[in-house]
Amino acid sequence: MLKLTAQPLTPEAFEPFGDVIDSRSADNSFPINGGRTRRCHDLADVEILGEGGRALISIFVSQPIRVPLAVACMERHPLGSQAFIPMHGERFLIVVAPPGDVIDPQSVRSFITDGHQGINYRAGTWHAVHSVLDQEGEFLVVDRGGPGHNCDEHPVEVLISID
């Protein structure tokens, strides 16, 4: 079994897997609404692939996991990206592997958010199921809806801990 310690989430470390969504590090922001609002613009590349695809906006209500977390399966969405944005400052664990037909155990990485960061998995990126820490959490989720097979699963044996 592969054993990993979740690392702090940074845009640079997560870049091979997708985007970190965080207003605090937004390079492209500007005032709107008469100067009362700062728009942090274009924070993630939403991918909608395949004929008939459309963007979905959902809210996931997740129960907390226990650490260490034994991950037995990872999934990927080949036809679209999938973004998770915490609505109330929830921290969560991220377990990812690069796109491909199989998962190389040595390529699996784990990150932990600080509660203000969201993430956007690129289409085809392998990831564990949503894993909120500390308390029940609500997450705004943006992903693909429409025809076509958009969820593959692959067994793994990974144990995730945090410092």
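For every residue, the table says whether it meets (1) within 16 Å of the chain's Cα centre (by Cα); (2) among the aromatic types (Phe, Trp, Tyr).
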{"site": "VAL96", "(1), (2)": "yes, no"}
{"site": "GLY100", "(1), (2)": "no, no"}
{"site": "HIS116", "(1), (2)": "yes, no"}
{"site": "TYR121", "(1), (2)": "yes, yes"}
{"site": "VAL132", "(1), (2)": "yes, no"}
{"site": "ARG144", "(1), (2)": "yes, no"}
{"site": "PRO147", "(1), (2)": "no, no"}
{"site": "LEU159", "(1), (2)": "no, no"}
{"site": "ILE162", "(1), (2)": "no, no"}
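Tell me, which residue of region 1-50 that is acidic (Asp, Glu) and surrounded by 13 or more Cβ atoms within 10 Å (Cβ to Cβ) is farthest from ASP114 (Cα to Cα)?
GLU47
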Query raised in the report: Quick one: would you say VAL67 is part of a loop (DSSP other than H, G, I, E, B), over 20 Å from GLY118 (Cα atoms) and out of contact with any Leu (no Cβ under 7 Å at 6 or more places or on another chain)?
Result: yes
Report task. Please go through region 139-163 and pick out each residue that is touching a Phe, Trp or Tyr at 6+ places or on another chain (Cβ under 7 Å) and surrounded by 15 or more Cβ atoms within 10 Å (Cβ to Cβ). Result -> PHE139, VAL141
Requested in this report: Can you tell me which residue among GLY115, GLY89 is loosely packed, with under 14 Cβ neighbours inside 10 Å and under 18 Å from ASP22 (Cα atoms)?
Outcome: GLY89
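Every number in this text was worked out from the coordinates using simple rules, so none of it is lab data. In this text, all values refer to a predicted model and were calculated from it rather than measured experimentally. Reconstructed Cβ throughout: ideal geometry from the backbone, glycine too, with neighbour counts over all protein chains shown.
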